[in-house]
Amino acid sequence: MYTQAMDIPDESGKKLAVVPGTASELEAAFEARIAADGRIEPQDWMPDAYRRTLVRQISQHAHSEIVGMLPEGNWISRAPSLKRKAILIAKVQDEGGHGLYLYSAAETLGTGRDEMLAGLHSGKAKYSSIFNYPTLTWADVGVIGWLVDGAAIMNQIPLCRCSYGPYARAMIRVCKEESFHQRQGYEALLVMMKGTDEQRAMVQDAVNRYWWKCLAMFGPPDADSPHSAQGMRWGIKRISNDELRQKFIDATVPQAKVLGVTLPDPALKWNEERQHYDYGQIDWTEFWNTVEGNGPCNKERLATRVKAHNDGQWVRDAALAYARKQKERAIKEAA
Amino acid sequence: MSTPIDYLLHLADNAVVLGQRNAEWCGHGPILEEDLALANVSLDLIGQARLLYQRAAEMMGGDATEDKLAYFRDAHQFRNYTLLELPHHGPLVGYAAADRDYATTIVRNFLYSALMVLVWDKLQQSKDAGLAAIAAKSLKEASYHLHHSRDWLVRLGDGTEESHARVQAAVNHLMPYTEEFWTTSPAEGSAVAAGVGIDVWALRPDWDAMVNEALEEATLTRPNFHGYVTEGKIGLHSEHLSYLLGEMQTLARAHPNATW
Ligand SMILES: [Fe+2]
Ligand SMILES: [Fe+2]
């Protein structure tokens with residue numbers, strides 16, 4: 001699925017060092033490449049702070065993908081038709097695949113998957129807060145595809161031009177799949193809106209619960225977004241939170257009309273002068289509260305990831321032990 | 001030549017029930033790669049179930065559809081092997097709760113896919129061309145499932161002391177359920193008579209060889225069979241199937257007139 005929290009500081013973020021002022025040749029080359037909009041590759045020299053920021057951002061993104069498997073996974077067993085069940089399993093599987101490419105991209109920066117997972121499990125690393133809300137009905141699955149994957153795409157398309165090569169390339173593949181998820185989610189909702197009264201009510205209820213949370217996915221307003229400026233300078237972030245949010249709203253309002261649902265914001269209306277939709281106040285207190293760990297599902301999501309990891313320890317140990325034995329056998333045979 | 005509907009339902013129910021079970025790991029696997037692998041297995045099985053139900057629905061006519069067959073039949077109408085409906089843990093009653101055990105999942109997938117590579121291979125020659133086509137597609141998938149589960153069976157068996165003990169316990173628990181493979185149900189009998197099904201009994205030596213060879217490589221022992229032979233394929237199930245179906249069918253049944 002995705003990431004919102006690109007610029008949400010976690011512990012490693014707080015320790016972000018200032019780029020040293022000494023103008024070494026390496027640094028000059030790095031700066032020149034960034035200035036020319038070129039790509040930085042794993043073997044290239046890069047400032048420590050750039051490396052740390054990327055590891056933080058890419059691992060947050062990877063964690064979001066795998067935590068994001070849980071809210072939708074909640075409906076796999078109860079999907080109301082075999083076709084929808086297959087579509088949902090494939091989608092959740094794609095999200096796991098996104099997690100894999102992203103962990104691999106972060107590993108090119110010298111941090112291992114185990115270390116990143118330890119950060120997630122200890123609560124030190126963040127993941128997208130949208131996954132801390134419950135999926136209460138089947139319509140949530142469609143709404144997550146339409147709105148959450150939709151917001152993810154808005155956030156991630158600029159990342160396809162990220163200055164760090166492996167991340168940019170991973171994002172190209174991820175974005176293709178997210179667009180597919182968004183279309184599938186929207187299509188599932190269209191079918192429900194043509195169905196029974198109960199189905200239509202289910203869709204509207206899911207939209208009501210998810211709309212504001214999706215707007216918050218773009219992160220705090222630009223004025224309160226301390227990491228954005230450095231990210232922009234480094235070509236890690238390309239478009240500001242508020243601009244992305246506006247683009248998302250402008251794209252989504254007409255889709256909601258076609259679908260026949262009401263977006264739960266009385267202030268939402270077209271502004272002829274701005275050529276954009278105006279919208280109401282996002283509840284940032286609730287957002288930060290959830291980011292800080294006090295949302296409805298934070299504890300369950302994290303504890304479930306930790307349990308899966310701990311319960312799987314013996315399986316991973318067995319695989320390692322077997323691989324070791326095989327290697328020893330091969331050596332013995334060669335000798 | 002057309003296949004007896006009960007025989008198609010037997011094949012379809014096997015696939016949907018095990019597909020449902022495998023999907024339960026999604027988000028909870030021991031390592032991310034395994035979440036993806038088991039989701040793949042599940043997707044393949046649900047895909048097989050859909051094709052088989054569609055074929056059955058076509059033959060039944062009227063308002064039969066794949067989803068009517070999957071969602072609106074009760075446990076006693078399901079024709080799957082009992083093995084496939086069991087939860088991912090050792091022998092406990094239907095309303096007991098326990099953690100999922102990866103060894104149980106792997107052993108079951110192994111025992112079933114070892115059978116199905118043989119079944120689908122033979123069914124490619126079914127006189128029912130529709131079923132033969134489904135068999136050809138399913139054979140490729142079952143071969144992958146066999147490969148995946150066999151690799152893990154060996155890794156777990158010849159891994160650590162703990163993994164060896166766990167996977168041996170799973171073999172001891174599940175092996176008796178495979179006796180059901182070798183009895184002939186009325187549906188299987190009539191499919192064989194019509195030239196569209198296969199005589200499963202004839203597959204037993206090949207299955208035994210495959211299983212024994214893998215167990216040996218995994219340093220595991222095969223328990224001698226004694227005890228009850230299950231009869232899920234004639235509709236006499238364990239306590240576990242109605243829980244599985246209760247969950248799977250709940251939403252569809254709450255909105256019987258809805259399309260999704
Ligand atoms: Fe997605
Ligand atoms: Fe994703």
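The values are calculated or read from the model by the stated rules, or taken from the named source; none is laboratory data. All of these numbers come straight from a predicted model, not from anything done at the bench. Virtual Cβ from ideal backbone geometry, glycine too; neighbours counted across all protein chains shown. Areas reflect the complete protein model, heavy atoms only, side chains present, ligands, DNA and RNA absent. Shrake-Rupley method; radii C 1.70, N 1.55, O 1.52, S 1.80 Å.
Projecting each Cα onto the charge dipole of the stretch B:106-247 (Lys/Arg +1, Asp/Glu -1 at the beta carbon, about the Cα centre), which of B:Y144, B:Y177, B:A129 comes out farthest on the positive side?
So the residue we want is B:A129.
For a distance above 13 Å, tell me the whole-number percent of Cα pairs in the stretch A:130-188 that qualify.
Summing the P(r) tail past 13 Å for the stretch A:130-188 gives 61 percent.
Which value, in Å², gives the accessible area per residue of the stretch A:125-177 when a 1.4 Å probe is used on the protein heavy atoms?
Per-residue value: 24 Å².
Normalising by the residue count of the stretch A:196-335, find the relative contact order in percent from Cα pairs under 8 Å and 6+ residues apart.
It comes to 19 percent, rounded to a whole number.
Roughly how many whole Å is it from the C-alpha centroid of the stretch B:129-163 to that of the stretch B:197-221?
The distance from the Cα centre of the stretch B:129-163 to that of the stretch B:197-221 comes to 13 Å.
Which value, in Å², gives the accessible area per residue of the stretch B:7-66 when a 1.4 Å probe is used on the protein heavy atoms? The partial results should precede the final answer.
Details: 1470 Å² over 60 residues.
I get 25 Å² per residue for this part.
Distance check, please: which entries in A:K126/A:K307; A:K327/B:K137; A:K83/B:K122; A:K237/A:K299 exceed 25 angstrom between their Cα atoms?
A:K327/B:K137; A:K83/B:K122; A:K237/A:K299
Pull up all non-local amide H partners of A:I40: gap of 5 or more, or a different chain, and H-to-H distance under 5 Å with H placed in the peptide plane.
Under 5 Å from the amide H of A:I40 lie the amide H atoms of A:Y164, A:G165, each far enough along the sequence or on another chain.
Would you please state which residues of the stretch B:156-189 a label at A:Q326 would reach in this model, taking the label point 7 Å out along Cα→Cβ and a backbone N cut-off of under 12 Å?
Label zone hits: B:156, B:158-159.
Rg and Dmax in Å for the protein assembly as shown, alpha carbons only: what are they?
Cα-based Rg and Dmax for the protein assembly as shown come out at 26.5, 86 Å.
Over 25 Å apart: what share of the alpha carbon pairs of the stretch B:100-213 falls there, rounded to a whole percent?
It works out to 28 percent of all Cα pairs.
How much accessible surface area, in Å² rounded to 10, belongs to the heavy atoms of B:H240 with a 1.4 Å probe?
Roll a 1.4 Å probe over it and B:H240 shows about 20 Å².
For A:M217, enumerate residues with amide H under 5 Å from its amide H, sequence gap 5+ or separate chain, H modeled in the peptide plane.
none
Computed on alpha carbon atoms, what radius of gyration and Dmax characterise the stretch A:213-252, expressed in Å?
10.4, 30
Once the cut-off is 14 Å, how many percent of the Cα-Cα pairs in the stretch A:63-140 end up in the long-distance tail? Don't skip to the answer; put the middle values down first.
On the way: 1972 of 3003 pairs.
So the portion of pairs separated by more than 14 Å is 66 percent.
Are there any trypsin sites (Lys or Arg not before Pro) in the stretch A:244-277 that are in a DSSP loop and have at most 13 other Cβ atoms within 10 Å? List them by number.
A:R274
Evaluate the Kirkwood expression for the hydrodynamic radius of the stretch A:192-335, namely the inverse of the mean inverse distance over all pairs of different C-alpha atoms, and round to one decimal in Å. Write out the running numbers ahead of the final one.
Numbers: mean 1/r = 0.0501 Å⁻¹.
It works out to 20.0 Å.
Excluding residues fewer than 8 places away in the same chain, name every one of the lysines whose C-alpha is closer than 24 Å to that of A:K257.
Cross-link targets: A:K194, A:K213, A:K247, A:K269.
Exposed loop GluC sites (Glu not before Pro) only (DSSP loop, at most 12 other Cβ atoms within 10 Å): please give the longest stretch of chain A free of them, not including the sites.
For GluC sites (Glu not before Pro) (loop position, at most 12 other Cβ atoms within 10 Å), the longest site-free span of chain A is A:1-271.
What percentage of the solvent-accessible surface of the stretch A:227-303, computed with a 1.4 Å probe over protein heavy atoms, is contributed by carbon and sulfur atoms?
54
For peptide B:8-21, how many partner chain Cβ atoms fall within 10 Å of a residue's Cβ, on average?
What the average comes to for B:8-21 is 1.
What's the total accessible area buried between chains B and A, using a 1.4 Å probe, rounded to the nearest 100 Å²? The partial results should precede the final answer.
On the way: alone 12000 and 16130 Å², together 24130 Å².
Adding both sides of the contact gives about 4000 Å².
Report relative contact order for chain A in percent, whole number only (criteria: Cα-Cα under 8 Å, sequence separation at least 6).
20
Which value, in nm² and rounded to one decimal, describes the direction-averaged projected area of the C-alpha convex hull of the stretch B:76-128? Write down the numbers at each step before the final one.
On the way: hull surface 20.4 nm².
Answer in nm², one decimal: 5.1.
In nanometres, what is the gap between the two model label sites at B:E216 and B:R73, each 7 Å from Cα along Cα-to-Cβ?
3.9
Using θ = phi - 60° and the Karplus form 6.51 cos²θ - 1.76 cosθ + 1.60, what ³J(HN,Hα) does each residue of the stretch A:245-260 get, whole Hz, x for Gly and Pro?
4, 4, 4, 5, 4, 4, 6, 8, 3, x, 5, 5, 4, 4, 5, x
What's the percent breakdown of Cα-Cα distances in the stretch B:161-211 across 5 Å bins, shortest bin first?
4, 17, 19, 18, 15, 11, 7, 5, 3, 1
Show me the trypsin sites (Lys or Arg not before Pro) within the stretch B:87-192 that DSSP assigns to loop and that have at most 14 other Cβ atoms within 10 Å of their Cβ.
Taking the stretch B:87-192 and a limit of 14 other Cβ atoms within 10 Å, the loop trypsin sites (Lys or Arg not before Pro) found are B:K127.
Enter the mean projected area of the convex hull around the alpha-carbon atoms of the stretch A:158-198, in nm², rounded to one decimal.
On the way: hull surface 13.5 nm².
Mean projected area of the Cα convex hull: 3.4 nm².
If Rh is defined by the Kirkwood formula over all Cα pairs and Rg also comes from Cα, what ratio Rg/Rh do you get for the stretch A:90-188?
So for the stretch A:90-188, dividing Rg by the Kirkwood Rh gives 0.99.
For chain B, what are Rg and Dmax over the alpha carbons, in angstrom?
My reading of the Cα-based Rg and Dmax gives 17.7, 56 Å.
Let me check against my output: what whole-number percent is the relative contact order of chain B, with C-alpha pairs under 8 Å and at least 6 apart?
Once divided by the residue count of chain B, the mean separation gives 26 percent.
Whose amide H sits under 5 Å from the amide H of A:H276, counting only residues 5 or more places off or on another chain, with H placed in the peptide plane?
Under 5 Å from the amide H of A:H276 lie the amide H atoms of A:N271, each far enough along the sequence or on another chain.
Taking the Cα atoms of chain A, what is the range of coordinates along each of the three principal axes, in descending order and whole Å?
Taking max minus min along each principal axis of the Cα atoms, chain A gives 73, 52, 33 Å.
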